[in-house]
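Novice: Have a look at this one.
The values are calculated or read from the model by the stated rules, or taken from the named source; none is laboratory data. Keep in mind that this is a model prediction, so the values were computed, not measured. Using ideal geometry, Cβ is built from the backbone for each residue, glycine included, and neighbour counts are taken over all protein chains shown.
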Amino acid sequence: MSLAKFSSDFLIESFTLVDNLFINEHLPHCTEKQLKVYLYGLYMCSMPEKLNSLDEMCETLDVTETELTSIYADFEDAGLCRIVSRKPLEVAYCSLKRAMQPPKKYKSEKWHDFNRELQELFHERMLTPNEYNEYYSFLDSVKMDRDAMLMIVRYCIELKGESVRYPYILTVARNWASEGVRTVADVEAKLNEYEAQTEDMRAVLAALGRKGGAELEEKQMLTKWTRSWGFTLPAVLEAAKSLKGGKTFRKLDGRLDEFYRMSVFTAEEMKDYNAHREKLQDLAVRINKTIGVFYESLDHVIEVYTSPWLDKGFSDEALVTVAHYCFLSGIRTLDGMNGVVDKFYAQGLLTVEAINAFIGEQLKQDERIRKIIEATGRSRGVTAADRNFYRTWSAVWGFGDEVIVCAAELCAGKSYPSSAVNRLLSEWKSRGVRTVEDAKRVGAGVAAPADKAAVNSSRNFKERTYTAEELKAVMTSMDDLDENDV
């Protein structure tokens, strides 16, 4: 499982880079269809597996699988790519700088025995100098024993027949080398590992409705599922059973990857998850329809949004209610709704009743704020700043609505009434005003000082210079104040 990946939005808005070597050396010789295939394939290299498929390219470019195979075979001859597998078609794009480099020269006498044994494995055709050179280069770079390489070639011929090409063989060897396979003993251990899973593979093939043997890539998948990911055979078979439409190893790999990411490992957990998933899909459709968005595939929506929301404790109807309020307030994306959901969760509002009660109270609060605004002699809508001021005046400073309205009336006609109300209420707070009577007695002005020492006291304090760090600490600490701190 990948640690990090790009979102579909990020990928759509990013760029596909085309090497200048391709433009200068290859583009002039490409047909229109070849050019489309190369560029679209280059683009697909950065796409997630679900969107990176043979069917996707064939449908988008209106080409057949046979045409694609032929085009990529030409690209392989030109050094632009490697055909990793022909059934199903899988291609690896190559570095063009490497393709333009002249091949390294190897002394033939050094490789005489290897050449003879390698050719003996291919009875129906002669190997070309270029093929030999590719084997030399690989063995030279990964430091694999030659006899181990010959065993891998023999194994690939047994799987694919003598028509198998060197790019496939070297891809297998490269994958095994990445797992530490370098010697004859290492290859024997790898082959024994595949042999030990023969019965398990037969069961998986039967579950997928397949006849015949398994491809090497499929054997590697089964090893990954059981050894690396930790699935048991019954769990793999249950995952295969849950597939819809055409059942393939690719689809099964994608399904098990989903289970792995969701920490679902046993057959029973998969059954429960699949039943739960149908409900998740229905809920995702309802939310999307309510908020006004559409996604052809719901897998990403469920994994990123719907399932985590339910894990927080929200009911289905509560999430649909939140989506409705988001739509009415102009929030028309799931990411935007996610921010609203987080705010409700922080307040502990997880049910329809709690959310409706909160929103009802907010509307009542807005009505109270509107009366305060009108008391200043103005008529406008309530803003976020107004709500923050009101929250400070009432919840933190402890003033009732009557006192706040009284302050607003005293500040009517001023150029900046909100600022004036803030200053007046701050003064009242310092002088202990708590009721309308107290407010009327004090009024809008500052009372005369009790003695001469108190006159203009704001100018009599001991001055000092504050550093930027000290001021930043003070401002940061204010974020943590609650009403008991004031």
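Novice: Give the residue, chosen from A408, A318, A323, that is in contact with a Ser or Thr (Cβ under 8 Å, 6 or more places away or on another chain), closer than 22 Å to V433 by Cβ and not in a loop (DSSP other than H, G, I, E, B).
Specialist: On the way: A318 fails: closer than 22 Å to V433 by Cβ; A323 fails: closer than 22 Å to V433 by Cβ.
Testing whether each residue is in contact with a Ser or Thr (Cβ under 8 Å, 6 or more places away or on another chain), closer than 22 Å to V433 by Cβ and not in a loop (DSSP other than H, G, I, E, B) leaves just A408.
Novice: If you don't mind, another one. Would you check which residues across the range 416-445 are closer than 10 Å to T376 by Cα and in a loop (DSSP other than H, G, I, E, B) and list them?
Specialist: Y416
Novice: Identify all residues within the range 366-385 that are modelled with pLDDT under 90 and surrounded by 14 or more Cβ atoms within 10 Å (Cβ to Cβ); write none if there are none.
Specialist: Answer for the range 366-385, where residues must be modelled with pLDDT under 90 and surrounded by 14 or more Cβ atoms within 10 Å (Cβ to Cβ): D366, V382.
Novice: Right, another one. Y295 versus (1) within 30 Å of L54 (Cβ to Cβ); (2) part of a helix (DSSP H, G or I); (3) not acidic (D, E): which is the lone unmet condition?
Specialist: Every listed condition holds for Y295 apart from (2).
Novice: Let me ask something else about it. Collect the residues in the range 326-341 that are surrounded by 13 or more Cβ atoms within 10 Å (Cβ to Cβ) and part of a helix (DSSP H, G or I), keeping them in residue-number order.
Specialist: C326, F327, L334, G336, M337, N338, V340, V341
Novice: Just one of the numbered conditions (1) closer than 24 Å to M47 by Cα; (2) part of a loop (DSSP other than H, G, I, E, B) is not true of Y305; which one?
Specialist: (2)
Novice: E296: over 22 Å from the mean Cα position of the chain (by Cα) and among the charged types (D, E, K, R), yes or no?
Specialist: When the stated conditions are applied, E296 does not pass them.
Novice: Here are the criteria: (1) on the phi > 0 side of the Ramachandran plot; (2) at pLDDT 90 or above. Tell me which single one G413 does not satisfy.
Specialist: (2)
Novice: In the range 120-129, is there at least one residue being over 26 Å from T226 (Cβ atoms), of a type in the set (F, W, Y), modelled with pLDDT of 90 or more and not assigned by TED's automatic domain parsing to the domain that holds A73?
Specialist: Step one: filter the range 120-129 for residues over 26 Å from T226 (Cβ atoms), giving 120-129.
So of that shortlist, the ones also of a type in the set (F, W, Y) come out as 122.
With modelled with pLDDT of 90 or more added as a condition, the list becomes 122.
Imposing the further condition that a residue be not assigned by TED's automatic domain parsing to the domain that holds A73 reduces the set to 122.
Checked against the condition, which is being over 26 Å from T226 (Cβ atoms), of a type in the set (F, W, Y), modelled with pLDDT of 90 or more and not assigned by TED's automatic domain parsing to the domain that holds A73, the range 120-129 yields at least one hit.
Novice: Test of understanding: among E67, E56, E32, E76, which residue is under 23 Å from K251 (Cα atoms) and either touching a His at 6+ places or on another chain (Cβ under 9 Å) or charged (D, E, K, R) (or both)?
Specialist: Only one candidate passes the filter, namely E56.
Novice: Related question: Six or more apart or on different chains, Cβ atoms under 8 Å: show the pairs whose first residue is in the range 268-297 and on the phi > 0 side of the Ramachandran plot and whose second is among the charged types (D, E, K, R) and outside any helix (DSSP H, G or I).
Specialist: Close Cβ pairs (under 8 Å, with a partner that is among the charged types (D, E, K, R) and outside any helix (DSSP H, G or I)) amount to G292/R332.
To keep it simple, each residue is scored yes or no on (1) free of Cβ contacts under 8 Å to residues at least 60 places away in the same chain; (2) surrounded by 18 or more Cβ atoms within 10 Å (Cβ to Cβ); (3) of a type outside the set (K, R).
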position: W176; (1), (2), (3): yes, yes, yes
position: E179; (1), (2), (3): yes, no, yes
position: V184; (1), (2), (3): yes, no, yes
position: E188; (1), (2), (3): yes, no, yes
position: E193; (1), (2), (3): yes, no, yes
position: A196; (1), (2), (3): yes, no, yes
position: L222; (1), (2), (3): yes, yes, yes
position: T232; (1), (2), (3): yes, no, yes
position: K244; (1), (2), (3): yes, no, no
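Novice: Taking V164, is it part of a helix (DSSP H, G or I) and under 38 Å from the mean Cα position of the chain (by Cα)?
Specialist: In short, no.
Novice: Within the range 262-280, is even one residue at pLDDT 90 or above, over 30 Å from L216 (Cβ atoms) and touching a Lys or Arg at 6+ places or on another chain (Cβ under 7 Å)?
Specialist: No, the range 262-280 contains no residue that is at pLDDT 90 or above, over 30 Å from L216 (Cβ atoms) and touching a Lys or Arg at 6+ places or on another chain (Cβ under 7 Å).
Novice: Moving to a separate point now. Name the residues in the range 20-44 that are buried (at least 17 other Cβ atoms within 10 Å of the Cβ) and touching a residue at least 40 places away in the same chain (Cβ under 8 Å), would you?
Specialist: If the condition is that a residue be buried (at least 17 other Cβ atoms within 10 Å of the Cβ) and touching a residue at least 40 places away in the same chain (Cβ under 8 Å), then F22, H26, Q34, Y38, G41, L42 are the ones that fit.
Novice: Just to be sure before I move on: is A267 out of contact with any helix residue (DSSP H, G or I) (no Cβ under 8 Å at 6 or more places or on another chain) and of a type in the set (G, A, S) in the structure I sent?
Specialist: no
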